[in-house]
Amino acid sequence: MGGTVVLLSLVASHSDIDLETVAKISADASQVASVVLASASPIAGAITLATCNRYEIYCEVPQFEDVPAARSEVITHISASTGLPETTISTALVSKTETDVIEHLFTVGAGLDSAVIGEREIAGQVRRALNEAQAAGTATGSLVRLFQSASRTAKDVGSRTSLGSRGLSVVSVALDLATDLSSEADWDTKKIVIFGTGAYAGATMSLLRERAAHNVSVFSSSGRAEAFVASRGGSPLDEATLETALESADVIIGCSGSDHRLMAADIAALDRGARPLIAIDLALTNDFDPEIGTLESVELINLESVRMAAPEEQSQSLREARSIVLDAAQSFAAEQRERAADAAIVALRRHTQAVLEAEVQKVRAQHGCTAAAEEVEFAMRRMMRQLLHVPTVRARELAADGRAGDYIEALQTLYGLEVEVPVAPSAKRQESCPATVAARQAG
């Protein structure tokens, strides 16, 4: 998109690589956006989208020539935060630019690139990623518009198609699998322990309530269980009460992705007898040791299990949804390109206005404020508006075709005008704002 900022995304998702690699890249990489903005990289803004099966970072850079340096900077900092070799990260991350970035995020937000097609949680994760980036000061105007448009597109897909009307999600499919594996299908009789207090834990609590589950306990290694259950129901657990709860549990659900991993040896040491246990691990980085699934009387459901069991949506609904996403992505891309014409149009109008005012002053100096002078001035202004009409239309047409750079170059060649395309304030400049710094410190 000549004459405007460039969008870049680096994507590691279940669609391209195994979940274990995605999990390794995601580990401790949440601060990468802030780190690259504090560095000498050309990145003006960044938003990180991390879910149970993807790690993606969306960046804004000034021009195409900056893309390789921006990619390299992100890879370097992910390597530093995770300890993985840069070659591993470089191989895993797929780069997208411009329209491909827009279409990909809109597809992700609508749930079309999920393990469970049409899942409803992903739209909320896109919104939260934007909110977190804005709170951290890493989002630029272009990235804000991108993510807001992705959210609107997700709503359109939800309201205009039957995709996702069954309310399917990673959590719901996992709970369905657990129902199939249980000797007792009713959830109101099950004792359940949830690990974590984040968004997935909240979604899990909501779905458990829909299934009439009422004996639910929540453990948080960070000590947030009590606050979590205060608004959602359930009983809080701590280190002292966790073991007793696990000994009587029918289902345990991992939603935290924290460093507090439940090991197979921990389960084996419990006084459970032959009581069956279903362990649902929804954390990308594994809340439960995978070896738990090898224990007698224990069934392990993980993200790979969910992906294999997820039902396929109707082909007609998918076609409709993809059409909505494609139209929205193309419209957004066109709007972005047309924005590049604005600066050129303003520059041309200012130039012609300056020439016009100089000539008007000559007429007034020679003829004074007479009726004849006013008629000449009126005619000159009308002629200038007519002369600007076609160049203005052509500017928008060329920008829509991605040729705003050609138009700007022509203005520079013909009139010697230096057109500066305004760039949204970057997080690097926002960092010096006292209010922003104070808000960060308070958080």
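The values are calculated or read from the model by the stated rules, or taken from the named source; none is laboratory data. Just so it is clear, the structure is predicted and the values come from calculations on it, not from any experiment. Neighbour counts are summed over all protein chains in view; Cβ atoms, including those assigned to glycine, are modelled from backbone coordinates with ideal geometry. Areas reflect the complete protein model, heavy atoms only, side chains present, ligands, DNA and RNA absent. Shrake-Rupley method; radii C 1.70, N 1.55, O 1.52, S 1.80 Å.
Within region 297-323, restricting attention to residues that are farther than 18 Å from residue 118 by Cα and among the hydrophobic types (A, V, I, L, M, F, W, C), the residue that is most open to solvent (accessible area, probe 1.4 Å) is 300. Scanning region 58-74 for residues being over 10 Å from residue 42 (Cβ atoms) and touching a strand residue (DSSP E or B) at 6+ places or on another chain (Cβ under 8 Å) gives a total of 4.
Candidates 294, 244: the one that is open to solvent by 70 Å² or more (accessible area, probe 1.4 Å) and without any contact (Cβ under 8 Å) to a residue 12 or more places away in the chain is 244. I need the full set of residues from region 323-357 which are closer than 30 Å to residue 168 by Cα and in contact with a helix residue (DSSP H, G or I) (Cβ under 8 Å, 6 or more places away or on another chain), in order please. Once the filter is applied, which keeps residues that are closer than 30 Å to residue 168 by Cα and in contact with a helix residue (DSSP H, G or I) (Cβ under 8 Å, 6 or more places away or on another chain), region 323-357 yields 324, 325, 326, 328, 329, 330, 332. Taking region 150-186, which residues are assigned to a helix (DSSP H, G or I), more than 26 Å from residue 48 (Cβ to Cβ) and open to solvent by 60 Å² or more (accessible area, probe 1.4 Å)? Once the filter is applied, which keeps residues that are assigned to a helix (DSSP H, G or I), more than 26 Å from residue 48 (Cβ to Cβ) and open to solvent by 60 Å² or more (accessible area, probe 1.4 Å), region 150-186 yields 159, 160, 176, 180, 181. Residues considered: 418, 397. Of these, the only one that is open to solvent by 40 Å² or more (accessible area, probe 1.4 Å) and either at positive phi or not in a helix (DSSP H, G or I) (or both) is 418.
Please enumerate the residues belonging to region 297-339 that are polar (S, T, N, Q), more than 30 Å from residue 143 (Cα to Cα) and in contact (Cβ under 8 Å) with a residue 12 or more places away in the chain. Can you show your working first?
Our first condition is that a residue be polar (S, T, N, Q); within region 297-339, this holds for 297, 302, 305, 314-317, 323, 330-331, 336.
Adding the requirement that they be more than 30 Å from residue 143 (Cα to Cα) leaves 297, 302, 305, 314-316.
Listed by number, the residues that qualify are 297, 302, 305, 314.
Taking region 172-195 as the range and being free of Cβ contacts under 8 Å to residues at least 60 places away in the same chain and under 26 Å from the mean Cα position of the chain (by Cα) as the test, only 172 passes. The lone criterion from (1) outside any helix (DSSP H, G or I); (2) open to solvent by 30 Å² or more (accessible area, probe 1.4 Å); (3) of a type in the set (A, V, I, L, M, F, W, C); (4) closer than 29 Å to residue 7 by Cβ left unmet by residue 326 is number (1).
Residue 198 meets each of the listed conditions (1) open to solvent by 30 Å² or more (accessible area, probe 1.4 Å); (2) of a type outside the set (D, E, K, R); (3) under 22 Å from residue 114 (Cα atoms); (4) touching a residue at least 60 places away in the same chain (Cβ under 8 Å) apart from (4). The lone criterion from (1) closer than 24 Å to residue 51 by Cα; (2) assigned to a helix (DSSP H, G or I); (3) touching a His at 6+ places or on another chain (Cβ under 9 Å) left unmet by residue 202 is number (3).
Of all residues in region 250-291, those satisfying the criterion of being open to solvent by 40 Å² or more (accessible area, probe 1.4 Å), in contact (Cβ under 8 Å) with a residue 40 or more places away in the chain and over 25 Å from the mean Cα position of the chain (by Cα) are 260, 276.
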